[in-house]
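Notes to accompany the following structure.
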Amino acid sequence: MHPVILQFGSFKLPAYGLMVALGYAAGILYLFRRSSSLGFSRETLSDLVFYSVVAGMIGAKLFYAFTYWDSFGGGFGERALYALRTFQYGFVFYGGLIFGAAAFWGFARFRKLDALAAADLFAPALALGHAFGRVGCFLAGCCHGRPSGNFLAVVFTDPRCEVAPQLLGVPLYPVQLMEAAGNLVIFAVLDAVLRRRHGRGAVLAAYAALYSLQRFLLEFLRGDDRGALHLGVSPAQWISAAVMLLAAAAMWSIRTDHEKK
């Protein structure tokens, strides 16, 4: 679509990087806006964001490398160099979420914070930032949909896009924009749950349930390489299914405990 927003000589401003940066900014602004009402200082939240983001980027890249390792080249050295050389793109969201969550939990315990309360605050910010990131995917052409005759279909023509060459000029499902819109809806729902204080962990569990359901369904419309399919579903769908079950169990437990109080 528009993989490069601006170019001056050899300098290029990639659309994906710009939208990810805007997503981080939007998420941080949301955190700062809600921090005082939940008893968190901005300095503490800034540290949590920093360590979680760094770990998340590493995890997202590692999951991408693991999923597409065979396509990176012939030998281990060649594949490792390719992964490092192309670090600016090629990320798997669930990898980033798992590594980022681990860093988040570790830092929260180290600082003796209420990790569940902090996670409830971060969940809406994550959904908001992810919406910006998916718009970046759309502009860059990555994470694209499969061919579609639907009136909502979009066509990528810029050869610099991440869309496979054979799909340039072919109408595709705008799955990136669909996920971005879904993430904005999830953000609104989570913000409402956070305001009503349904119990520690309720917002986090709601995020896990809603996003995993959305991701499971949208995977059927994806047209990029999804990794090896097992029983007709992608690795991301297996992860989504597991997350949905865990989230449902957590929501039931939280609701039961909340009603007893």
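The values are calculated or read from the model by the stated rules, or taken from the named source; none is laboratory data. As the structure is a prediction and not an experimental result, all values here were calculated from the model. No Cβ is skipped: glycine too gets one built from the backbone with ideal geometry, and neighbour counts run over all protein chains shown.
Contact annotation: residue pairs with Cβ atoms under 7 Å, 6 or more positions apart or on different chains, pairing a residue in segment 187-207 that is on the phi > 0 side of the Ramachandran plot with a partner that is not aromatic (Phe, Trp, Tyr), are GLY199/ILE254; GLY199/ASP257; GLY199/HIS258; GLY201/LEU116; GLY201/ASP120; GLY201/ALA250; GLY201/ILE254. Figure legend. Inter-residue proximity from segment 10-33: first residues without any contact (Cβ under 8 Å) to a residue 40 or more places away in the chain, second residues part of a helix (DSSP H, G or I), beta-carbon distance below 6 Å, spacing 6+ or different chains. Indicated pairs: PHE32/ARG42.
Taking the criterion of being more than 23 Å from the chain's Cα centre (by Cα), surrounded by fewer than 20 Cβ atoms within 10 Å (Cβ to Cβ) and basic (Lys, Arg), would at least one residue in segment 252-259 satisfy it? Yes, the conditions are met somewhere in segment 252-259. Kindly evaluate PHE220 against the criterion of being within 23 Å of ALA60 (Cβ to Cβ) and free of Cβ contacts under 8 Å to residues at least 40 places away in the same chain. So PHE220 fits the description; yes.
How many residues does segment 95-135 contain that are basic (Lys, Arg) and either surrounded by 21 or more Cβ atoms within 10 Å (Cβ to Cβ) or within 23 Å of GLN214 (Cβ to Cβ) (or both)? The total comes to 1.
Right, GLY182: of a type outside the set (A, V, I, L, M, F, W, C) and more than 23 Å from the chain's Cα centre (by Cα) or not? In short, no. Of all residues in segment 17-31, those being closer than 18 Å to ALA123 by Cβ, surrounded by 15 or more Cβ atoms within 10 Å (Cβ to Cβ) and not hydroxyl-bearing (Ser, Thr, Tyr) number 5. Within the set of pairs 6 or more residues apart or between chains, which connect a residue that is in contact (Cβ under 8 Å) with a residue 12 or more places away in the chain and closer than 18 Å to GLN214 by Cβ inside segment 231-258 to a residue that is polar (S, T, N, Q) and in a helix (DSSP H, G or I) with Cβ atoms less than 8 Å apart? So the pair list comes out as PRO235/THR67; ILE239/SER212; SER240/SER212; ALA241/SER212; VAL243/SER212; MET244/SER212; ALA247/SER212.
Answer yes or no as to whether LEU245 is out of contact with any strand residue (DSSP E or B) (no Cβ under 8 Å at 6 or more places or on another chain), more than 26 Å from ARG34 (Cβ to Cβ), in a helix (DSSP H, G or I) and of a type outside the set (D, E, K, R). Here the answer is yes, as LEU245 does meet what is asked.
Among the residues of segment 222-240, those that are assigned to a helix (DSSP H, G or I) and either out of contact with any Phe, Trp or Tyr (no Cβ under 7 Å at 6 or more places or on another chain) or at pLDDT 95 or above (or both) comprise PRO235, TRP238.
Evaluation of ARG79 against the conditions (1) modelled with pLDDT under 75; (2) more than 22 Å from the chain's Cα centre (by Cα); (3) crowded, with 16+ Cβ neighbours inside 10 Å; (4) in a loop (DSSP other than H, G, I, E, B) shows that the sole unmet condition is (4).
Evaluate the following for GLY169: is it part of a helix (DSSP H, G or I) and either touching a residue at least 12 places away in the same chain (Cβ under 8 Å) or over 17 Å from the mean Cα position of the chain (by Cα) (or both)? Taking the combined requirement at face value, the residue does not satisfy it. Mind checking whether some residue in segment 93-102 is part of a loop (DSSP other than H, G, I, E, B) and free of Cβ contacts under 8 Å to residues at least 40 places away in the same chain? For segment 93-102, residues part of a loop (DSSP other than H, G, I, E, B) and free of Cβ contacts under 8 Å to residues at least 40 places away in the same chain: absent.
Residues of segment 179-210 being part of a helix (DSSP H, G or I) and out of contact with any helix residue (DSSP H, G or I) (no Cβ under 6 Å at 6 or more places or on another chain), which ones?
Initial filter on segment 179-210 (part of a helix (DSSP H, G or I)): 179-196, 202-210.
Matches in segment 179-210: ALA181, VAL185, ALA188, VAL189, ALA192, ARG195, ARG196.
When segment 136-170 is limited to residues that are β-branched (Val, Ile, Thr) and exposed (fewer than 14 other Cβ atoms within 10 Å of the Cβ), the one that is nearest to GLN7 (Cα to Cα) turns out to be THR157.
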